[in-house]
Amino acid sequence: MLQLVPTRAFFTKGVGIHKDYLASFEDALRDAGIAALNVVTISSIMPPGCKIVPKKAGLKELHDGQVAFCVMSRQATNEYRRM
């Protein structure tokens, strides 16, 4: 059985503003520096021994098109200047 247990993780954040929800999400991924990855959302369990690394170091280990697991938080609205 394949076991996918992370040994390293990094934090990033991004903001996207667009009238279309999907376009704003894509802009947020771009702003976070992870738009070129296939992002798969998972729960927020960090295994023991998982090391937090700087964003720059984490991104160096990832390649365009790679599947990357992430814990994602989103906030969205369609009201002008609401957030």
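The values are calculated or read from the model by the stated rules, or taken from the named source; none is laboratory data. Computed from a prediction, not measured in an experiment: that's the story for all the values here. FYI the Cβ positions are ideal-geometry reconstructions off the backbone, even for glycines, and counts take in every protein chain you see.
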Tell me which of these Met72 doesn't satisfy, since it passes every other one: (1) among the aliphatic types (A, V, I, L, M); (2) at pLDDT 95 or above; (3) part of a loop (DSSP other than H, G, I, E, B).
(2)
Which listed residue, of Pro47, Pro6, is surrounded by 13 or more Cβ atoms within 10 Å (Cβ to Cβ), modelled with pLDDT under 95 and part of a loop (DSSP other than H, G, I, E, B)
Pro6
Among the residues of region 27-36, is there at least one that is acidic (Asp, Glu) and in contact with a Lys or Arg (Cβ under 9 Å, 6 or more places away or on another chain)?
yes
Filter region 9-44 for residues that are under 19 Å from Glu61 (Cβ atoms) and not in a loop (DSSP other than H, G, I, E, B) and give the result.
Ala9, Leu29, Ala32, Asn38, Val39, Val40
Exactly one condition in (1) out of contact with any Gly (no Cβ under 8 Å at 6 or more places or on another chain); (2) surrounded by 11 or more Cβ atoms within 10 Å (Cβ to Cβ) is not met by Met1; state its number.
(2)
Filter region 9-29 for residues that are more than 15 Å from Gln75 (Cα to Cα) and surrounded by 14 or more Cβ atoms within 10 Å (Cβ to Cβ) and give the result.
Ala9, Phe10
